[in-house]
Amino acid sequence: MALSRRRALRWVTGAAAIAWMMVIFSASAQTGSDSGGMSRTVADGLLSLWSALTGASFEGAARDAAIEALQLPIRKGAHMAEYALLAVLAFAHLLTYRPWARMEVAALGKPAALAWAFATLYAATDEFHQLFVPARAGMVTDVLVDSAGALVGVLLAWLVLRVLRRRPR
């Protein structure tokens, strides 16, 4: 890859990672009631979509119970997804540096591990930040969920890169 193109990609991937970190920080700065309200809204929307697709009906107490049951998986899924994306962006950024820019995909374990570690460290600092937000709690289990999401993201990025680099040009 030409130096100027690599440098441009470095700026783009770095800026995207920083912007995404700001999105994560902003979401973590929401109070517990705001955060809970957002997951409740998403759960309600999913139930409405499910009803439209299947004809199933959720009314009254059954709807409230279903929304309550969906909130935890929605929150944990959101945690995993946001850190999967952060790890992918960090991995993409690292791949703009030599020697990784020209390495075979099988040899990219070190930048993948660094991207995962970076996302995990950011998750830990984010959970610490939540200790100071009303009605929020920094939880080690959330760092583990975030770390798992980062791992999934890096592995998926590595697999996509492997497929793309094997294709004839």
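The values are calculated or read from the model by the stated rules, or taken from the named source; none is laboratory data. Remember, it's a predicted structure, so these values are computed and weren't measured experimentally. As a convention, Cβ positions derive from the backbone with ideal geometry for all residues, glycine included, and neighbour counts pool all protein chains shown. Ligands, DNA and RNA are excluded from the accessible area calculation, which covers all protein heavy atoms including side chains. Shrake-Rupley method; radii C 1.70, N 1.55, O 1.52, S 1.80 Å.
Report, by residue number, each residue of the stretch 156-169 that is of a type in the set (A, V, I, L, M), open to solvent by 40 Å² or more (accessible area, probe 1.4 Å) and touching a helix residue (DSSP H, G or I) at 6+ places or on another chain (Cβ under 8 Å). Within the stretch 156-169, Leu156 is the sole residue that qualifies. Can you tell me which residue within the stretch 28-50, out of those that are aliphatic (A, V, I, L, M) and under 21 Å from the mean Cα position of the chain (by Cα), is farthest from Val143 (Cα to Cα)? Looking at the filtered set, the residue picked out is Leu46. In the set (1) open to solvent by less than 50 Å² (accessible area, probe 1.4 Å); (2) of a type outside the set (Val, Ile, Thr); (3) at pLDDT 85 or above, the condition left unmet by Arg63 is number (3). Restricting the stretch 104-136 to residues that are more than 18 Å from Gly149 (Cβ to Cβ) and touching a Ser or Thr at 6+ places or on another chain (Cβ under 8 Å) leaves a set whose member that is surrounded by the fewest Cβ atoms within 10 Å (Cβ to Cβ) is Pro134.
Checked against (1) surrounded by 19 or more Cβ atoms within 10 Å (Cβ to Cβ); (2) of a type in the set (Val, Ile, Thr); (3) modelled with pLDDT under 95, Thr54 meets all criteria but (1).
Identify all residues within the stretch 96-141 that are among the aliphatic types (A, V, I, L, M), at pLDDT below 85 and under 19 Å from Ala78 (Cβ atoms); write none if there are none. Once the filter is applied, which keeps residues that are among the aliphatic types (A, V, I, L, M), at pLDDT below 85 and under 19 Å from Ala78 (Cβ atoms), the stretch 96-141 yields Ala135, Ala137.
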